[in-house]
1. Given A:Arg66, A:Arg57, A:Arg126, which one is at the interface with chain B (Cβ under 7 Å from one of its Cβ atoms), free of Cβ contacts under 8 Å to residues at least 40 places away in the same chain and surrounded by fewer than 22 Cβ atoms within 10 Å (Cβ to Cβ)?
2. Of the residues B:Leu148, B:Leu195, which single one is buried (at least 19 other Cβ atoms within 10 Å of the Cβ) and closer than 18 Å to B:Ala341 by Cα?
3. Being more than 14 Å from every other protein chain (Cβ to nearest Cβ), buried (at least 18 other Cβ atoms within 10 Å of the Cβ) and either without any contact (Cβ under 8 Å) to a residue 60 or more places away in the chain or under 24 Å from A:Pro307 (Cβ atoms) (or both) narrows it down to one of A:Asp142, A:Asp90, A:Asp173, A:Asp163, so name that one.
4. Please pick out the residue among B:Ser344, B:Ser303 that is hydroxyl-bearing (Ser, Thr, Tyr), within 30 Å of A:Ala265 (Cβ to Cβ) and in contact with a Leu (Cβ under 6 Å, 6 or more places away or on another chain).
5. For residues that are in contact (Cβ under 8 Å) with a residue 40 or more places away in the chain and either touching a Pro at 6+ places or on another chain (Cβ under 8 Å) or surrounded by fewer than 16 Cβ atoms within 10 Å (Cβ to Cβ) (or both), tally how many sit in the stretch A:311-334.
6. Applying the selection to the stretch B:223-244, what residues are closer than 17 Å to B:Leu277 by Cα and out of contact with any helix residue (DSSP H, G or I) (no Cβ under 7 Å at 6 or more places or on another chain)?
7. Taking the condition of being assigned to a loop (DSSP other than H, G, I, E, B), of a type in the set (Gly, Ala, Ser) and near DNA strand C (Cβ under 10 Å from one of its atoms), how many residues in the stretch B:10-37 meet it?
There are 2 protein chains.
Amino acid sequence: MAEEPRSNRRPSMSDVARLAGVSQTTVSFILNDTPGNSIPHETRERVLAAIRELDYRPNVSARNLRTQSTNLIGYGFDDPGGVVSHPVLDQFLYSAILSLEEAGYHLLTFVAGQRTDTAVYEELHRRGQVSGYLVANTNDNDPRIACLLANNIPFASFGRANDEWAFAWADVDGISGMTQVVAHLAARGHRRIGLITWPEGSKAGSHREEGYAEGLRAAGIAPDPAWLFRGENSVQTGAAGLSHLLTLPDEQRPTAVACVSDLIAVGVLNAAAAAGLAVGRELAVTGYDDSALAQFLHPPLTSVRQPIAAIGRHLVAALLAQIRHDPIPVQGVLLEPELIARASSGELGIRN
Amino acid sequence: MAEEPRSNRRPSMSDVARLAGVSQTTVSFILNDTPGNSIPHETRERVLAAIRELDYRPNVSARNLRTQSTNLIGYGFDDPGGVVSHPVLDQFLYSAILSLEEAGYHLLTFVAGQRTDTAVYEELHRRGQVSGYLVANTNDNDPRIACLLANNIPFASFGRANDEWAFAWADVDGISGMTQVVAHLAARGHRRIGLITWPEGSKAGSHREEGYAEGLRAAGIAPDPAWLFRGENSVQTGAAGLSHLLTLPDEQRPTAVACVSDLIAVGVLNAAAAAGLAVGRELAVTGYDDSALAQFLHPPLTSVRQPIAAIGRHLVAALLAQIRHDPIPVQGVLLEPELIARASSGELGIRN
DNA sequence: TGGTATTAGTAATTCGTATTAGCAGTGTAA
DNA sequence: TTACACTGCTAATACGAATTACTAATACCA
């Protein structure tokens, strides 16, 4: 029997070569524009025609094996699964995926289980499944970052960790964001400003708290510990926080409440409505993240918009540079957020 | 020069074999428990010890190339990127990832661009990057499903499409869900029940509308077209919907409003508060999805809980069966949702 | 005229694993 | 005693592409 091109198999480079009457090497040269090889136009056309005819596609596994590389980047979910869906992370991932795809990479998502369980990060890399990682939601002494650094695995992180660790990160300046919020509120005449924030121990939280303190200082306001309320990132926390603040005596009770997330602010808005308080007139409320909700709430929520898409693009660039061993210094970058003023912090166009 | 085990390379099976004094074949047999081969305990131990000593990990690309397989499943985001974050999908993905990982698979996420652009689906599969797909958010004539069926690519979908297409899907019975809602409202004495739903053309939407109609019929209520309001899935739509319903004359104005999503219900809750309506007492409101928000809203939101994690597990099982060519019939399965009654549809424990 | 470059390729090897075919030695049933 | 099966392995090959090393033919220059 003659050698039939096994037709139930996807065509390989050799099939293309046979059809075009050249060697497999030549096909490879053409497909990769391998430098140092001259292929006349006519031959190239013949090969390209064969590729089109067979509808050939290169095999990813073969290429990865040969080049000892990977076209995958890992991303670990540590969230216990959509219990709280995280718009900011969703947006970050989306922009990261887009940037990765432009460079021919894809994102492999996995569940990281316990935050402290870094085995998966080592494992996926050692098996040659991923070339590096994107990490989000970082903290001081973050075990994932410690692990990646120790194993010399390329990564880039959305968020900082210990200052003495040198790695590629990008972050939004939470200090600046919250300072802007307080300045905005102070400019509208508020002198007693509450803050509803997360439990202690989160890097992002402490930055925003620092910005709050800085804002008060800049406005010449003496901070009052009673203005601070802490809770998990939930609507409930916002409601509980407002209840707490409303129990304070008149002369101590805040006229404005800043929240470290829109989700918490939604709780404040709800509770204010339930208490018969007119938000924007009797009470100013601000959120953080400028999520899709914010502009459609009643009243529309003043919030802080973070350049999330830019973070995604930046981190992907930094990560791929490491993987390619580009001589680009591994370093962090801090981006500025932008205050989006809406009615919840006082009617637009009206200064009191 | 003697042959040094090149130390800056990750150890391969041959390195293990050399250290254990056996052939690479034997190591492979041991690692894969290849049937039909007898390896005495002592040899096995020796090889396992070598594996431990070298901290060997098999190379994914090599294995995939040799076995002509893949340990990846694709999932395409069609959402334009976190503009609206989708808690149900997040939850679905999380449970799917967990199930996949149990079976040694991982999830590759990509951006599908236009819903009609199915090229990526073909491409990733033909390049041998993924073994199949999980598809969500389906619709009638869904081009993605048409493409996957036409190319005979394994997949499983969260949601149905054309009834005449045979493929593996799992879905939650939206008809049942909304029927339960209306029955619940009718049982509390409501005779005029509004529905705020999505624009026409979505499969999920029309099921829920059908359930609404069915619920009215079962309660002996004549439907009124004026009770129906349509809009995108947003808080804004809820607010606009309630405004519309409140413009109706007294004898036509609904005393209860069912929404096809919690997000929309949040808008209704906000608008009701703004209008001075006491939700739960003067107006009943229900959501759908039982998202994390629901129980913390004011008042807590009656909603419909869908067995999302079960869907994820089921679809992964169905998909992997196809990939393994298990003789399991390719078919769909419809799961029952559960009504979670809370205060927004009338004070708990009180029947009027 | 010889020597070197350039052009247009090809053959052979490699990446790391899975798998097929087979071999030497022992036991065992006919 | 032969045939056969089983044990405990190994050698060789294939998967599909990238890469290195090479060749044959022509061109160019002195």
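1. When all the criteria are applied, what remains is A:Arg126.
2. Details: B:Leu148 fails: closer than 18 Å to B:Ala341 by Cα.
Only one candidate passes the filter, namely B:Leu195.
3. Working: A:Asp90 fails: more than 14 Å from every other protein chain (Cβ to nearest Cβ); A:Asp173 fails: buried (at least 18 other Cβ atoms within 10 Å of the Cβ); A:Asp163 fails: buried (at least 18 other Cβ atoms within 10 Å of the Cβ).
Only one candidate passes the filter, namely A:Asp142.
4. On the way: B:Ser303 fails: in contact with a Leu (Cβ under 6 Å, 6 or more places away or on another chain).
From the options B:Ser344, B:Ser303, the qualifying one is B:Ser344.
5. Residues that pass the stated criteria total 7.
6. B:Ala240, B:His244 - these are the residues of the stretch B:223-244 that are closer than 17 Å to B:Leu277 by Cα and out of contact with any helix residue (DSSP H, G or I) (no Cβ under 7 Å at 6 or more places or on another chain).
7. Qualifying residue count, the stretch B:10-37: 3.
Let's see how each residue does on (1) at pLDDT below 95; (2) assigned by TED's automatic domain parsing to the domain that holds A:Phe158; (3) touching a Ser or Thr at 6+ places or on another chain (Cβ under 9 Å):
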| position | (1), (2), (3) |
| --- | --- |
| A:Ser38 | yes, no, no |
| A:Gln91 | yes, yes, yes |
| A:Tyr94 | yes, yes, no |
| A:Gly104 | no, yes, no |
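The values are calculated or read from the model by the stated rules, or taken from the named source; none is laboratory data. Computed from a predicted structure; not experimentally measured. Positions of Cβ are backbone-derived with ideal geometry, glycine not excepted, and every protein chain shown enters the neighbour counts.
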